[in-house]
């Protein structure tokens, strides 16, 4: 008989002990993860915890069971935000997110395709995207004003929420309170758009590092790891993620990419060919919708570019 084999009764005893441990454990919210140490928020106090082996990656936003300052289980997640690492493998960034605040600013100028990348990430992760224009006081003199206003109106017409503010004059808590209350939100965007400044205003935590723009108008990377912050006066949390200049597409099918463009969805199933890529096939309902102005050309061009990039990475 195999000595390593576990009998049915042993499995039952192990499961019983695990259930007893979970019942006695405290439920906490993961604030950050540094090496082998997890910071976990339990009843308004943060504890440094280790974790049980073989639990898998744990990220800010995870709800976990803690026993004697050891994480022994991860509660089921309703959403997870991930991105490819330098090897191309998917790496979790944050969990249980409700809203993805896609933060842009007049400087550095936002690329339409970059915004689309974040929206695709949200759509694929079951997270609601919100486009947040920061530093709107700079919009008046910006040569990009017409382009930015066009983009915001385009996304509004598609049903996406967009909010305009600046951290100098606005009561940003009041502007964002509806979405922050009782939710976990993530702020993403290019470096230099003011994510850390917004989070500093919301949390009152001056230790959040902020950076300035370089002379070439490229943002500096200033935040090194994801971290969850409580917002005073609001029953909700926000997660600050590392600055991202480019948000690479992770492996997905061309159908999944097309479906992430919400205005494509009514037409995808009307294409003549089931495997239509909506690039150069005959009788493509999506291409026909573009010709009939039912889909905007700029969004279709964005899809074409992302499709090309996805095709290159999947080879």
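Structure data summary
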quantity	calculated
Stretchable slack from residue 281 to residue 255, in nm (0.36 nm times residue separation minus alpha-carbon distance)	7.9 nm
Ranking of 305, 178 by count of other Cβ atoms within 10 Å, fewest first	178, 305
Stretch gain in nm, segment residue 34-residue 272, where the contour uses 0.36 nm per residue and the Cα spacing is subtracted	80.5 nm
FRET efficiency, 1/(1 + (r/R0)^6) with R0 30 Å, evaluated for residue 262 and residue 147 via beta carbons	0.90
Fraction of antiparallel bridges per DSSP, the chain only, in percent to nearest 5	60
Candidates 205, 67, 170, ranked by Gaussian network fluctuation over the chain, Cα under 10 Å, top entry	170
Ascending count of other beta-carbon atoms within 10 Å, so fewest first, for 234, 59	234, 59
Rounded to 10°, Cα long-axis angle of helix 8-24 versus longest principal axis of the chain	70
Selected from 16, 109, 191 as most flexible by GNM, with the chain as the system and alpha-carbon contacts under 10 Å	16
Tensor-based shape of the range 254-313 (alpha-carbon gyration tensor, a/c under 1.5 rounded, otherwise prolate or oblate)	oblate
For the chain, built as a Gaussian network whose Cα springs stay under 10 Å, the top-fluctuating residue of 35, 56, 204	35
Length-normalised contact order for the range 8-74 - Cα pairs under 8 Å, 6+ apart - percent	31
Acute angle (nearest 10 degrees) that the helix 112-124 long axis makes with the longest principal axis of the chain, alpha-carbon atoms	40
Overall form of the range 80-240 per C-alpha gyration tensor (a/c, 1.5; a/b vs b/c)	rounded
Cα-projected label distance for residue 44 with residue 158, points at 7 Å along beta-carbon direction, nm	4.2
Computed E for residue 23/residue 311 - FRET, C-beta separation, R0 45 angstrom, nearest 0.05	0.35
Efficiency of FRET from Cβ geometry, residue 294 and residue 137, R₀ 35 Å, rounded to 0.05	0.45
Between the range 125-157 and the range 74-108, the Cα center-to-center distance that results, in Å	20
Extended-chain gain in nm, criterion 0.36 nm per residue less alpha-carbon gap, residue 171 and residue 78	30.4 nm
For the range 8-74, diffusion coefficient by Stokes-Einstein and Kirkwood Rh (Cα), 25 °C, 0.890 mPa s, µm²/s	200
Principal-axis tilt of helix 145-157 within the chain, Cα atoms, nearest 10 degrees	60
Projected label distance in nm at residue 67 and residue 52, using a 7 Å step from Cα toward the beta-carbon	0.6
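Where a number appears in this text, it was derived from the coordinates with a stated rule and is not lab data. Note that this is a predicted model, so its numbers are computed, not measured. Here the Cβ is made from the backbone with ideal geometry for all residues, glycine too, and neighbour counts use every protein chain on show.
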